[in-house]
Amino acid sequence: MAATDSFGHENHQWIGRTVRDIASGTEGELTAVVNEKKRNHAGQLTGVRLAYIKKADGIELPTAAANIELVR
């Protein structure tokens with residue numbers, strides 16, 4: 001896992017580059033990779049790594065960071 005700032009944002013090497021969300025096929029600019037703490041179904045805190053992709057229409061969507069690939 002990459003180093004994060006105090007807000008949980010990673011200094012990811014693909015920030016500003018075009019990526020694809022493998023699950024939906026959505027492509028756009030990677031704007032952030034964030035480590036967040038969420039509660040699971042049992043109420044326990046767990047770490048979640050989210051990637052934020054800004055589509056051409058300007059709307060950002062979150063997806064699992066492990067679910068993105070670089071568009072060449």
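The values are calculated or read from the model by the stated rules, or taken from the named source; none is laboratory data. Computed from a predicted model, the values in this text were never measured in an experiment. When we count neighbours, we look across all protein chains shown, and the Cβ atoms used for this are built from the backbone with ideal geometry, even at glycine. Surface accessibility is based on the protein's heavy atoms, side chains included, excluding ligands, DNA and RNA. Shrake-Rupley method; radii C 1.70, N 1.55, O 1.52, S 1.80 Å.
Only one of these conditions is not met by Ala51: (1) among the small types (Gly, Ala, Ser); (2) more than 14 Å from His9 (Cα to Cα); (3) in contact with a Ser or Thr (Cβ under 7 Å, 6 or more places away or on another chain). Which number is it?
Tallying (1) among the small types (Gly, Ala, Ser); (2) more than 14 Å from His9 (Cα to Cα); (3) in contact with a Ser or Thr (Cβ under 7 Å, 6 or more places away or on another chain), Ala51 fails exactly one: (2).
Here are some residues: Ala23, Ala32. Which one is assigned to a loop (DSSP other than H, G, I, E, B), of a type outside the set (Ser, Thr, Tyr) and surrounded by 10 or more Cβ atoms within 10 Å (Cβ to Cβ)?
That would be Ala23, the only listed residue that is assigned to a loop (DSSP other than H, G, I, E, B), of a type outside the set (Ser, Thr, Tyr) and surrounded by 10 or more Cβ atoms within 10 Å (Cβ to Cβ).
Looking at the structure I just gave you, is Glu10 within 10 Å of the chain's Cα centre (by Cα), at pLDDT below 95 and surrounded by 12 or more Cβ atoms within 10 Å (Cβ to Cβ)?
yes
Those residues that are of a type in the set (A, V, I, L, M, F, W, C) and open to solvent by 60 Å² or more (accessible area, probe 1.4 Å), I need them from region 59-72; list them, please.
Ile59, Ala66
Just give me the residues in region 35-58 being loosely packed, with under 10 Cβ neighbours inside 10 Å and either at negative phi or assigned to a strand (DSSP E or B) (or both), in sequence order.
Lys37, Arg39, Asn40, His41, Ala42, Gln44, Leu45, Ala56, Asp57
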